[in-house]
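The values are calculated or read from the model by the stated rules, or taken from the named source; none is laboratory data. Predicted, not measured: the structure shown is a model, and the values here were computed from it. All Cβ positions, even for glycine, are placed from backbone atoms using ideal geometry, and neighbour counts span all protein chains on display.
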Amino acid sequence: MNSHQGLAMGQQAETGLAQFFEQSFDLHCVAGLDGYFRRLNPAWVAALGWPLEELRSRPFAAFVHVDDREATLRETAKLCQGAGPLRFENRYACKDGSYRWLEWNARFVVDRDEIYATAREITGRKQFERETLEVLDREKERLGRELHDGLCQTLAGISALSSTLSRKLARLGAPASTADVQTAAADAAANAAAEIARLLNEAIGEARDMARGLGSVGLSEGGLETALATLALDVRHLFRASCAFACDRSLGRLDREAERHLFRIAQEAVNNAVAHGKARRIEIRLGAKGGEGLLTVLDNGVGMPQSPRPPDGIGMHNMAYRARLIGGRIEVRRRSRGGTTVLCAFPLSGTRKNP
């Protein structure tokens, strides 16, 4: 093959790649280290409404939702520092003022000093996931109320009747002139009724604990701090494990949705610590640092397995997704002395309750 043939084949390959780039339904882009787009395909216009010239004329971070901007710049810095291909999500502004969720797959090409990235719009999927979580939360609350108001009350009624039966049987114990066998039978029946009452009372306690675990006790009345303190109390009672709540800095009342998601994150982290980590000591912390709210759950359990891959599973997925819904992020780390730290950092700017 001579040089002219090689050049022609290279030009054909470049033409084919250009056609793929231009015709793709996904959003492709090339960005420089200066923070500006260098190349965009027409799918950007269809998705966001901005002319390509306008997208290239401003830093790409200017189009990112203010609550996602810091995280986006942090991921960009990781790429430029040599991190492998990264996947992350953020919200991009449309020309009409709305926002679209984008899921990114990006990598840094060292010899070109450029970032190559592909984005896919996932606004519909995010809405579906949000609605699914809302349904699950409502069902948990409903089941908790049904357990407390229905089953617990029924068991309490049966327990009261059993106690009454026990007392009546005790009074029916035969007098001294009656055969000893009748006396023994009456005593056995009274003891059996008393044991039934004891077991029913245990079942009532367990059902009430389940009802409290399904619900978010104290969230509506006292806010996140009250709900987390109650969660720690419930863990001590239900799992017989040491669990403490500490608030380094009061955040006041947050947005209702933010409080709900943060409570469920803490609840999931605590359940994982007990069920999978076999932890006997747990600490829940709430505070703030550098303009971010921080929710931390620490335990002394078996810890995470030594693996370069982040932990996976439905519980971890739900925690990460709830954090993203409020503009936050989840970090799960193995503690040096054993156990696990789950950290949820979230922006305070978008989660404060409106006065």
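Listed values, structure above:
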{"read-out": "Within region 270-305, tally of residues that are out of contact with any helix residue (DSSP H, G or I) (no Cβ under 7 Å at 6 or more places or on another chain) and touching a residue at least 12 places away in the same chain (Cβ under 8 Å)", "value": "21"}
{"read-out": "Region 232-260: number of residues that are assigned to a helix (DSSP H, G or I) and within 16 Å of SER349 (Cα to Cα)", "value": "4"}
{"read-out": "Search result, residues across region 93-124 that are touching a helix residue (DSSP H, G or I) at 6+ places or on another chain (Cβ under 7 Å) and within 23 Å of GLU54 (Cα to Cα)", "value": "ALA93, CYS94, LYS95, ARG100, TRP101, ALA106, ILE115, GLU121"}
{"read-out": "Qualifying residue in region 306-321 (condition: at pLDDT below 90, more than 20 Å from ARG87 (Cβ to Cβ) and buried (at least 17 other Cβ atoms within 10 Å of the Cβ))", "value": "no"}
{"read-out": "Any chance GLY35 is farther than 23 Å from GLY327 by Cβ and modelled with pLDDT under 95", "value": "no"}
{"read-out": "Filter result (aliphatic (A, V, I, L, M), closer than 24 Å to ALA46 by Cα and within 24 Å of the chain's Cα centre (by Cα)) within region 89-134", "value": "LEU102, ALA119, ILE122"}
{"read-out": "Some residue of region 47-57 being assigned by TED's automatic domain parsing to the domain that holds VAL110, touching a residue at least 24 places away in the same chain (Cβ under 8 Å) and of a type in the set (A, V, I, L, M)", "value": "yes"}
{"read-out": "All strands (runs of 3 or more DSSP E) inside region 24-106 with 1 or more residues being surrounded by fewer than 17 Cβ atoms within 10 Å (Cβ to Cβ) and of a type in the set (Val, Ile, Thr)", "value": "27-32"}
